[in-house]
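First the structure, in the form of structure tokens, and then the observations on it.
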Amino acid sequence: MQLLLTLVTFASMAFAQTVHTVSVASTGLTFTPDSITAKTGDTIRFVFKGGNHTVTQAAFNSPCNPITKGFFSGFTGSKSESFSIILENTNPIYFYCAQSTHCQLGMVGAINPPSTGNTLAAFKTAAMNARTQSTPSSPYGGVISVQGGAVSTAPGAVQSGGGSTTAAATNPGGKAATSTGGSQPKPTGNGVAALTGDVAKVVMGIFGAVALIV
Ligand SMILES: *[C@@H]1O[C@H](CO)[C@@H](O)[C@H](O)[C@H]1NC(C)=O
């Protein structure tokens, strides 16, 4: 256990990674905050506060539709559920709630939006005028934690709390989701794609260490 803590601490220091928490539907149809400034390697953790919502990545030019490679949390409803993604760069990322007309009602947000041009305000206006809306069929591009599964300090690593259940989100067109039944999750698909190169290796190393220690 000591070794695990040391490894996790080392990983967090090595990548100076920050977790940014975004509340979903804490006050009506909102993401709070709806504009997040974050660095490469940072985690954005969307915490669902109730209701039946999603967080779904969209392209700026198509506000209420998913992009092929991005993320989709799936529909939630559990107050303790969260969905975490890790930034592989600081390019602007736009997202929306894919529930019925929530996008057109302005339930959108952005990570690292520019202050001119493709701003969050411009995206929101376009969303409210969007004629089409669509929803992916199953989650991808992030890690879902249910019932107190906490995001650890290691990039992409999710540590389950006592008795919690954590499932890795699916990869679009890739492998099926794996329910790990309370053991350590294996990030798949874009969750790992976000963890490129050495970062992914370190994270997998931590999972390996966990497997040896537990
Ligand atoms: C959440 O919303 C989706 C899409 O409208 C629906 O398919 C699903 O049944 C809902 N889930 C619950 C628990 O109401």
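The values are calculated or read from the model by the stated rules, or taken from the named source; none is laboratory data. From a predicted model like this one, the values you see are computed outputs, not experimental measurements. Using ideal geometry, Cβ is built from the backbone for each residue, glycine included, and neighbour counts are taken over all protein chains shown. Remember, those area values only see protein heavy atoms, side chains included, never the ligands or the DNA or RNA. Shrake-Rupley method; radii C 1.70, N 1.55, O 1.52, S 1.80 Å.
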Problem set entry | Qualifying strands (runs of 3 or more DSSP E) (wholly inside segment 17-75; at least 3 residues being under 22 Å from Gln133 (Cβ atoms)) | 56-59, 62-66
Problem set entry | Ser137 surrounded by fewer than 16 Cβ atoms within 10 Å (Cβ to Cβ) and either among the small types (Gly, Ala, Ser) or at pLDDT 95 or above (or both) | yes
Seminar exercise, completed: Flagged pairs (Cβ under 6 angstrom, 6 or more apart or on separate chains; first in segment 96-110, more than 10 Å from the ligand (Cβ to nearest atom); second open to solvent by 10 Å² or more (accessible area, probe 1.4 Å) and among the basic types (Lys, Arg)) are Gly106/Lys124; Val108/Lys124
Exercise. Within segment 96-118, how many residues are part of a strand (DSSP E or B) and either of a type in the set (Asp, Glu) or surrounded by fewer than 22 Cβ atoms within 10 Å (Cβ to Cβ) (or both)?
Worked result: 0
Problem set entry | Hits in segment 25-35 - residues which are within 16 Å of the ligand (Cβ to nearest atom) and out of contact with any strand residue (DSSP E or B) (no Cβ under 8 Å at 6 or more places or on another chain) | Leu29
For this session: Could you list all residues from segment 68-95 that are more than 14 Å from the ligand (Cβ to nearest atom) and buried (at least 20 other Cβ atoms within 10 Å of the Cβ)?
Result: Gly70, Phe71, Ser82, Phe83, Ser84, Ile85, Ile86, Leu87, Ile93, Tyr94, Phe95
Exercise. Can you name the residue in segment 36-67 that is farther than 20 Å from Thr125 by Cα and aliphatic (A, V, I, L, M) and, of all such residues, is nearest to the ligand (Cβ to nearest atom)?
Worked result: Val47
